[in-house]
1. Within the stretch 260-273, is there a residue that is in contact (Cβ under 8 Å) with a residue 60 or more places away in the chain, of a type in the set (D, E, K, R) and within 14 Å of the ligand (Cβ to nearest atom)?
2. Go through the stretch 94-212 and tell me which strands (runs of 3 or more DSSP E), entirely inside it, have 1 or more residues that are within 14 Å of the ligand (Cβ to nearest atom).
3. Identify all residues within the stretch 18-31 that are out of contact with any Phe, Trp or Tyr (no Cβ under 6 Å at 6 or more places or on another chain) and more than 11 Å from the ligand (Cβ to nearest atom); write none if there are none.
4. (1) free of Cβ contacts under 8 Å to residues at least 12 places away in the same chain; (2) in contact with a Phe, Trp or Tyr (Cβ under 7 Å, 6 or more places away or on another chain): which one isn't true of Asp311, the others all being true?
5. Taking interchain pairs and intrachain pairs at least six residues apart, which have beta carbon atoms under 9 angstrom, with the first residue in the stretch 162-184 and within 16 Å of Ser138 (Cα to Cα) and the second among the β-branched types (Val, Ile, Thr) and part of a helix (DSSP H, G or I)?
6. Is it the case that Glu81 is modelled with pLDDT under 95, surrounded by 14 or more Cβ atoms within 10 Å (Cβ to Cβ) and in a helix (DSSP H, G or I)?
7. Which residue, of Gly124, Gly112, is closer than 26 Å to Met161 by Cα and surrounded by 21 or more Cβ atoms within 10 Å (Cβ to Cβ)?
8. Being small (Gly, Ala, Ser), surrounded by fewer than 19 Cβ atoms within 10 Å (Cβ to Cβ) and modelled with pLDDT of 95 or more narrows it down to one of Ala313, Ala320, Ala351, Ala361, so name that one.
Amino acid sequence: MKKSKPVSPSLHVSAPGRINLIGEHTDYNEGLVLPAAIELDMRFRLQKNGTQGQCRIYSESMGKSMQADLSNLGTDAKGWERYIFGVLSELSPYSDKLKGFDGKLTSRLPAGAGLSSSAALECGLAYGLNKLFSLEISPMELIRIAQQAEIKHSGTQCGIMDQFASMMGKKDHFIFLDCRSLDYRYIPARLGDYRLVLINSGVTHSLSDSAYNQRREECRQGVSILRKVFPEIQSLRDVHPGQLEAVRHQMPKPVANRCRYVIQENARVLKAVEVLEHSDIQTLGNLLYDTHQGLRHLYEVSCPELDFLVDTAMALPGVAGSRLMGGGFGGCSLNLIRKGAVPEVISRLTAAYRERFGREAESLETGLGDGVRLLS
Ligand code: GLA
């Protein structure tokens, strides 16, 4: 009788997307953020295949397979495959215990909506392989690995927020994260009678990667000008409004605006944490709207579709706050809406959007969920 090959047990991993309540473009400035993992996720099923380094993944949502050889990881992959190659390249130097595997990927996360499906993919794979091959890499290192995979393989010089939120999320909580020290605290989502609703503009701008990196560069430029007068400054996190005022005239205007936005946004995150304690939703909503105005006029990462969604929402009864969420130039608006008003707001907002831009804006209501984990 033919001996059947021993089948190694498979792992099932859930890796969530994220939202960000407030604290946009502050992470790479060593600042403060308040994201959360959501209930929508990517799922990996992973199994050792007994080879030295043949990795095969089938993506159910794409209907496509990909292959990688751990001994020869190229850098020319495209689309979702880039992130897989990215994680494998970052993970393999950590341990020679990493070997070949077969995987299946399914997604319940809309791509391109600004919910960080790429971070979910990176974190889910890194976490799953860490478990499957007992690599004993700590969660903080896995977050770094996932972030580096994104930076080196997608071309976006992203901060750490998305990967941190996907990995460390906690049901019904926001994560108050200090992106300098990586100290964090879970803040209960005391939203009372209000719900967080995402409206997807359906816009994805191809410029977003280069514009994102350009913003990062402008912030760096701002810091280096500030440091000439205030050498103790390490990042925009350390800058007081008065210090910026003192050197503002030495900066190109856009650079001064970027700095001003980041300083104000860090202060808004602190305030948001404070008002969440008391469920002060009106103040929280105002903070979200102020963030949008900052992203629009000072940081200049909005677009007409998002401005329209935000302005229209703010004029509707039951909406406490609205802003573009994520890197900008498209994706979703995040809206804080009184529970009873949600259906009416969504229907008026999407109708107005259709009339103005001739396209559909999808709404998405999702709870706050746990971070990456094994499913039984
Ligand atoms: C993207 C990046 C994050 C963060 C946000 C803006 O999502 O991946 O690191 O910078 O934009 O807050």
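The values are calculated or read from the model by the stated rules, or taken from the named source; none is laboratory data. Note that this is a predicted model, so its numbers are computed, not measured. Counting neighbours? That spans all protein chains shown, and the Cβs are built from the backbone with ideal geometry, glycine included.
1. yes
2. 173-178, 194-204
3. Glu30
4. Failing condition for Asp311: (2).
5. From the stretch 162-184, the pairs are Gln163/Ile143; Gln163/Ile145; Phe164/Ile143; Ser166/Ile143; Met167/Ile143; Met168/Ile143; Leu182/Ile143.
6. Answer is yes for this residue.
7. Every option except Gly124 fails the conditions.
8. Residue meeting the stated conditions: Ala351.
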